[in-house]
1. Under 9 Å between Cβ atoms, which residue pairs at least 6 apart in sequence (or on different chains) link something in segment 92-112 that is under 11 Å from LEU23 (Cα atoms) and at pLDDT below 95 with a partner that is among the aliphatic types (A, V, I, L, M) and not in a helix (DSSP H, G or I)?
2. Between residues in segment 72-87 that are not assigned by TED's automatic domain parsing to the domain that holds ASN9 and residues that are surrounded by 17 or more Cβ atoms within 10 Å (Cβ to Cβ) and among the hydroxyl-bearing types (Ser, Thr, Tyr), which pairs lie under 7 Å by C-beta distance while being six or more apart or on different chains?
Amino acid sequence: MINFFKALNPLSILWLAVLLFALRAGYMFHAPGKIDFAFTGLFNRSLIPVTGQHAISPVFNVLLAGLFVFIQALLLNNLVNHFNLLGKPTFLPALMYITVSGLFTPFLVLSPPLVCNFLVIWMLHKLFAFYKSKDAKSPAYDLGMIVAIGSFIYLPFIYFFLVIWDRPGNFPAI
């Protein structure tokens, strides 16, 4: 089955969706009666009103989180293929992302880390493109703004600022 994902076959996207549903089916059918949103920051309360927290059913919450994970898997797969990190185009990064995300509860329901993963993928794209550009000021500013936005959603996201502060990959220089 893994050999099927090694090729860049568009049918693999369908199999990724089936795998995503299969990994979340157990949690979806045995979900608690109410799933609380963990969005607790001041900025987050303006995004999701307190009265509307329980407006989403647990099944829809898991399905929406699954849709987020599916989109993130395709974005991560596009990132890996665009920068040729594996040598040839493949759907293996998306397969691994969907499989690993099925193991962690914050990725099974809507949560701040799940939302911030979009920003992490965007930051990775900017960091990989960082090496191709001659001007480092503009991408570094963009990365700082992405960290600021992510910190509004999920406060521990601010630790990504350390990645920007020093040149990526040059950790002995710290």
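1. GLY102/LEU108; LEU108/ALA31
2. Note: no pairs meet the criteria.
The values are calculated or read from the model by the stated rules, or taken from the named source; none is laboratory data. Since this is a predicted model, take the numbers as computed values, not measurements. Cβ sites come from the backbone with ideal geometry, for glycine too, and all protein chains shown count toward neighbours.
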